[in-house]
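Below is one structure, written out as structure tokens; comments come after it.
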Amino acid sequence: MIEVKNVSKSFGKHNVLNDVSASFEKGKVNVIIGASGQGKSVLAKCIVGLHEVDNGHIEFDKRDFVNMPSTERRELRKEIGMLFQGSALFDSMTVEENIVFPLTMFSKFTKKEMLDRVNFCLERVNLAGRNNLFPAECSGGMQKRIAIARAIAMNPKYLFCDEPNSGLDPQTSILIDNLIREITYEFNTTTIVITHDMNSVIEIGDNINFIYEGKNWWQGTSKEIVKTDNPEIVNFVFASEFMKKIRENLRKDL
Amino acid sequence: MKIVSQLGKYFMMLWIVFSKPDKFKVFWKRTFEEIQLIGINSLPIVALMSVFMGAVIALQTASNMDTPWLPEYTIGYITRSSTILEFSPTIISLILAGKVGSNVSSEIGMMRVTEQIDALEIMGVNSLTYLVLPKITAAIVFFPILIMFSMGLSLLGGWISLIASGLSSTDSYVFGLRSFFKVSDITYALSKTVVFGFLIVSISSFYGYYTRGGALDVGKSSTQAVVSSSIAILLANFFITQMFLLK
């Protein structure tokens, strides 16, 4: 479980996060949503330590991440897998080298064990046999799946996905969403997904956090998001006429 | 004020760069890759520059020696001294600042803007030690070899140009090369080269690592890296010369 307590973060005079508190449960897909510029990516980067918080605490299973020495932070980060918006694959390495990289750095596996693990991860994301391709030779969807394979190579306890569906067609988006959900349940990870994709929010979001004006404005489940009458979240999630109709139908079903 | 803050940031970066690598096996593998990229791939440009530089120094010296009071072997002596003391270590390092510096800065800068450095950090890898330390080690180890190679080719270029133009004989040129030779000149030149190699790679890495923005900013960082490392070379050259030759 990851707990965020009263976190604030400013860049110069611009206050991005303002006393944000949230808890992200183990074995569930925790989704962070919000309009662009509201601070959701900053929150995720604060949680993983890519940004230092100004105030507040972040705890990974009761381990205080904010006041942790850098060496301990590095150790904790070995338990984190992250899928970046642009995949962030190492472009000078093949698919296999990308996935084997964290294992080479931190595991005591033999070469054969590493290769077995790479093949397992590639099979898990339906990319078996693509070991020798370079990232530039792969499509956007494939790159995301390779990044997921790399993120799960070390059996992470915590999985972060920053806009996993951006730039993907609807079918590939569904594929990625299903993969994230399956991995979360299969490996019992604490998964945090930052997304703009409302389909993902409804489909895979076990817990949803809505960030608005630098605050955790609303927190609930995918069923509760349909029921809520909170104007900010309704205007954001069900902004289009199409989504409004879907909401009406879903409310009838509930 | 900005210069002071940038200097502080640069030294903070160096403090982290010289931490213990996460895995020595990976560190040595990366160092040999960098020796290939930074060093061996620079051999052709260094060879080309050195031969022509040596040829021009020898021709310039020979053509300006119109007094009979100066012996013919002076041409070889001046060519050797200029090449070993200044032209090979400094001019070749300035050229390498352009070639290697822009390469290092743009490689690391591109990794920064495409979040590859963030990916390393998230995995728990010390990204500065992983990326920069092998480059610095490769430069410190291989730049002196490059410069010795340059010295040899420069002197060879000088000999070819003199023989081809008929301005001097092989015997007097070789006699000049061997006259008043001091081993300390080589020590001085190679010591300079180690410092220049360190400055080129560390400064370029600094600009690359702290790039913010997109492709345009990577280009800007690359230019800044070349300019700053060239200035650093000139300043370091001045101070090292003071220390070694005028003590």
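What follows is calculated from the coordinates using simple rules that are stated; it is not laboratory data. Values in this document were obtained by computation on a predicted structure and should not be read as measured data. Using ideal geometry, Cβ is built from the backbone for each residue, glycine included, and neighbour counts are taken over all protein chains shown.
Here are the numbers for the structure shown:
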item	result
HN-Hα J in Hz across region A:7-22 - Karplus 6.51, -1.76, 1.60, θ = phi - 60°, x for Gly and Pro	7, 10, 8, 10, 10, x, 8, 8, 7, 8, 10, 10, 6, 7, 10, 6
Calculated [θ] (222 nm, deg cm²/dmol) that DSSP helices of n ≥ 4 give over chain B, each run adding -39,500 (n - 2.57)	-27000 deg cm²/dmol
Full-extension gain in nm, A:His14 to A:Ala136, via 0.36 nm per residue minus C-alpha separation	40.2 nm
Helix-only CD estimate at 222 nm, as mean residue ellipticity for chain A, using -39500 (n - 2.57) per DSSP H run (n ≥ 4)	-12500 deg cm²/dmol
Computed label-point distance, nm, for sites A:Asn188 and A:Gln171 using a 7 Å Cα→Cβ extension	3.7 nm
Sparse-neighbour loop sites [chymotrypsin sites (Phe, Trp or Tyr not before Pro); region B:22-111; at most 15 other C-beta within 10 Å; DSSP]	B:Trp69
Set of region A:94-115 residues, backbone N closer than 16 Å to the point 7 Å along the Cα-Cβ line of A:Asn155	A:102-104, A:106-110, A:113-115
Shielding score for A:94-105, defined as the mean number of other chain Cβ atoms within 10 Å	2
Rg/Rg_globular for chain B, with Rg_globular taken as 2.2 N^0.38 Å and Rg from C-alpha atoms	1.16
Extended-chain gain in nm, criterion 0.36 nm per residue less alpha-carbon gap, B:Lys29 and B:Gln242	72.9 nm
Built amide H within the under 5 Å cut-off of A:Phe160, gap 5+	A:Gly81, A:Met82, A:Leu83, A:Ile192
Where labels lie 7 Å past Cα in the beta-carbon direction, separation of A:Glu203 and A:Ala35 in nm	2.6 nm
With Cα atoms, 0 to 90° folded angle of helix B:24-34 axis to chain B main axis	50 degrees
Computed FRET value (nearest 0.05) for A:Ser23 with A:Thr71, which takes r as the C-beta separation and R₀ as 35 Å	0.85
Order of A:Val100, A:Val31 - criterion: other Cβ atoms within 10 Å of each residue's Cβ, fewest first	A:Val100, A:Val31
Residues whose placed amide H lies under 5 Å from that of A:Ile208, excluding near-sequence neighbours	A:Val31, A:Gly220, A:Thr221
Placed amide H near A:Thr189: partners under 5 Å, 5+ positions off or other chain	A:Gly27
Förster-model FRET efficiency, 60 Å R0, B:Lys2 and A:Asp253, C-beta, rounded to 0.05	0.50
Mean-position separation - Cα centroids, region A:47-119 and region A:143-185, in angstrom	15 Å
Nearest-20 debye value, region B:142-247 charge dipole, Cβ charges on Lys, Arg, Asp, Glu	220 debye
For the protein assembly as shown, share of DSSP beta bridges that run antiparallel, in % to the nearest 5	55 percent
Residue (of B:Ile147, B:Thr170, B:Val100) at the positive-pole extreme of region B:99-185, dipole from beta-carbon charges	B:Thr170
Cross-link reach list, lysines versus A:Lys108, counting only Cα pairs under 30 Å and skipping chain neighbours closer than eight places	A:Lys26, A:Lys28, A:Lys45, A:Lys62, A:Lys78, A:Lys144, A:Lys157, B:Lys20, B:Lys23, B:Lys25, B:Lys29, B:Lys135
FRET efficiency, 1/(1 + (r/R0)^6) with R0 35 Å, evaluated for B:Gln36 and B:Ile163 via beta carbons	0.50
DSSP H segments from chain A that extend 24 Å or more along their own axis, Cα-based, with Kyte-Doolittle mean of 0.0 or above	A:170-187
